[in-house]
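Peer 1: Structure provided below as structure tokens; questions to follow.
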Amino acid sequence: MKKLLIFLILTYLSFTINSSATTEVEKKLENQKTLKIGVLLPLSGKFQEIGESFLKAIQLALYDIANENIIIYPQDSKGNALDSYLSAKKFEEKGIEIVIGPIFYESLERLNEIDSITFISLTNKTKEIPKNTIAFGINIESQIDALKKYLNQIKVSKTLLLSPNTEFTYQSESVAEKDALKFYRTYSYDINPKKITGEIEKITKYRERKKDLERRIKILEKSDLYKHKQELKQLEQMHTLGKVNFDSVVVIDFGERLKSVLTSFMFSDVSSKNVSFFTINQWFDETFFNENAMQNLHFPSVDLENLKKFNKRFLNTFKEEPNKVSILAYDALGLIYYCWINNNFNFKSEQLYSKKGFKGLHGEFFIDGNLTHQKLKIYKVSEKKFIKVY
């Protein structure tokens, strides 16, 4: 059975040591039982708000653990590689061996120069990660693995892969190359919203299907047969004739552009009643509730119920909404703590790679090399709710 991390808090006897009364031996033992954790986040600049939200999530984890022998040392990454490196050097001087952060992939550039520290980065990018860094974000590999299992369950066989032709190039190529999920066809589309509809019309052969309908209507209009008149009434309510040659679509995109793509499918007379639509982790974007084209959209993500609990705890504690991704920072501290207490209060980075895996608030996961493999769930948008389907 997978071990729980920190949201099921372990209870231990607390103790305090009077520094004026301790012997040198006691001081040494105390130092050995102190867990020092570096925290490398953007605490100034344009990403300051994100960094502060992650720091508060870590502080919330500390509060839940309630162990005075855990000390965090926050440093400002400023969201760039140079300041991340300089801050990491300060951790090295303090003898810190494990660091939560940085958040952004771009900040990892020089961290491989500091061999004595293991970094648990919150990035979801996995390409060319430094050897001493673990990508702890919700990566595309884990998402595709979850999608594959669900697509196999619902038995679709002709899946299209769509992605924008500029951003997410690496993610799209990574998905297309994976043996985990075979695609019937792959397409890239222009990021200009005015051009997206035209491109989706080509993919769905909308104009051909529309012409097929018009031709059939003209034929039926010339007939006096009752069955033809009945068919004509039905066709007059339709926009196209004939089915598309695919049964499912995976769109690698976010936000307004994702909405434009799915709306274009709807305008091209491709309904989610006949074709299953999927995207990647959207962190439960509630603006989807107001879009007809987003109904029945499926996506992989973290445990929604636990995310709600985390958000409520965060709001009650700090009187503000958290960055949703900050739940990963909470779990990162819990992971380190769990490894520490299960090795006689002595942290070793090797413990992070336990084959048994772990369970945090965001879900079950295990770490292999530089990559975190998450066991994600599948949700769909339906009637202003996110419903778990797998």
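Peer 1: Residues of region 208-262 being surrounded by fewer than 19 Cβ atoms within 10 Å (Cβ to Cβ), touching a residue at least 60 places away in the same chain (Cβ under 8 Å) and within 26 Å of Asn152 (Cα to Cα), which ones?
Peer 2: Passing the criteria: Asn245, Asp247.
Peer 1: Within region 211-243, count every residue that is in a helix (DSSP H, G or I), of a type in the set (Asp, Glu) and in contact with a helix residue (DSSP H, G or I) (Cβ under 9 Å, 6 or more places away or on another chain). Full working, then the answer.
Peer 2: Initial filter on region 211-243 (in a helix (DSSP H, G or I)): 211-221, 226-235.
Subsequent filtering for residues that are of a type in the set (Asp, Glu) retains 212, 214, 221, 231.
Filter once more, keeping what is in contact with a helix residue (DSSP H, G or I) (Cβ under 9 Å, 6 or more places away or on another chain): 221, 231.
Number of matching residues: 2.
Peer 1: State whether the residues of region 372-386 include one that is small (Gly, Ala, Ser) and part of a loop (DSSP other than H, G, I, E, B).
Peer 2: No.
Peer 1: Looking only at region 354-371, which residues are closer than 23 Å to Glu286 by Cβ and either part of a strand (DSSP E or B) or of a type in the set (Ser, Thr, Tyr) (or both)?
Peer 2: Gly363
Peer 1: Determine if region 320-332 includes at least one residue that is outside any loop (DSSP other than H, G, I, E, B), surrounded by 14 or more Cβ atoms within 10 Å (Cβ to Cβ) and more than 20 Å from the chain's Cα centre (by Cα).
Peer 2: No, region 320-332 has no match at all.
Peer 1: Something else now. Which pairs do you get when a residue that is closer than 16 Å to Asn112 by Cβ and among the acidic types (Asp, Glu), found in region 75-98, comes within reach of a residue that is in a strand (DSSP E or B) and at pLDDT 95 or above, reach meaning Cβ atoms under 7 angstrom, with the pair 6+ apart or on two chains?
Peer 2: Qualifying pairs under 7 Å: Glu97/Thr118.
Peer 1: Ok, one more. Condition (residue is without any contact (Cβ under 8 Å) to a residue 24 or more places away in the chain, outside the structural domain of Val250 (by TED's automatic domain parsing) and crowded, with 16+ Cβ neighbours inside 10 Å) applied to region 373-387: is it met by at least one residue?
Peer 2: no
Conditions tested, residue by residue: (1) buried (at least 17 other Cβ atoms within 10 Å of the Cβ); (2) under 21 Å from Phe277 (Cβ atoms); (3) without any contact (Cβ under 8 Å) to a residue 40 or more places away in the chain; (4) among the aliphatic types (A, V, I, L, M).
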site	(1), (2), (3), (4)
Ser121	yes, no, yes, no
Glu128	no, no, yes, no
Gly137	yes, no, no, no
Ser142	yes, yes, no, no
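Peer 1: Could you tell me whether region 194-210 includes any residue that is touching a strand residue (DSSP E or B) at 6+ places or on another chain (Cβ under 7 Å), closer than 27 Å to Arg257 by Cα and outside any helix (DSSP H, G or I)?
Peer 2: No, every residue in region 194-210 fails to be touching a strand residue (DSSP E or B) at 6+ places or on another chain (Cβ under 7 Å), closer than 27 Å to Arg257 by Cα and outside any helix (DSSP H, G or I).
Peer 1: Still on this structure, I have one more. Those residues that are in a helix (DSSP H, G or I) and not hydrophobic (A, V, I, L, M, F, W, C), I need them from region 294-319; list them, please.
Peer 2: Listed by number, the residues that qualify are Glu305, Asn306, Lys308, Lys309, Asn311, Lys312, Arg313, Asn316, Thr317.
Peer 1: Could you tell me which of the residues Asp145, Asp179 is on the phi < 0 side of the Ramachandran plot, at pLDDT 90 or above and acidic (Asp, Glu)? Don't jump to the end; show me each part of the working.
Peer 2: Details: Asp179 fails: at pLDDT 90 or above.
Criteria check complete, one pass: Asp145.
The values are calculated or read from the model by the stated rules, or taken from the named source; none is laboratory data. Everything quoted here is computed from the prediction, not taken from an experiment. Counting neighbours? That spans all protein chains shown, and the Cβs are built from the backbone with ideal geometry, glycine included.
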